[in-house]
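Notes follow the structure.
The values are calculated or read from the model by the stated rules, or taken from the named source; none is laboratory data. Please read all numbers here as calculations on a predicted model, not as lab measurements. For neighbour counting, all protein chains shown are included, and Cβ atoms are generated from backbone atoms with ideal geometry for every residue, glycine included.
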Ligand SMILES: [Zn+2]
């Protein structure tokens, strides 16, 4: 079964819908079982939406900068586990 760290590692690809179906299935199964990852994914998506909104408003953040922020957030979150 997928563990929490693997889910966090694939969260971006899962959100982008760029994973093969069997990985999507294992992530969805893990999300059914794990409240911590459900909470993580909710925060992850909120952060992505906020980052996109800020970038749109300011038009100063590049995709690379947004990715760097997201990677930092993912790293911080994984360090807290
Ligand atoms: Zn989990």
Report, ordered by the first and then the second residue, all pairs with beta carbons closer than 6 Å, sequence separation of six or more or different chains, a first member in segment 25-47 that is free of Cβ contacts under 8 Å to residues at least 60 places away in the same chain, and a second member that is outside any helix (DSSP H, G or I) and within 12 Å of the ligand (Cβ to nearest atom). 26/2; 30/2
Answer yes or no: is there a residue in segment 33-40 that is more than 11 Å from residue 8 (Cα to Cα), at pLDDT 95 or above and loosely packed, with under 10 Cβ neighbours inside 10 Å. yes
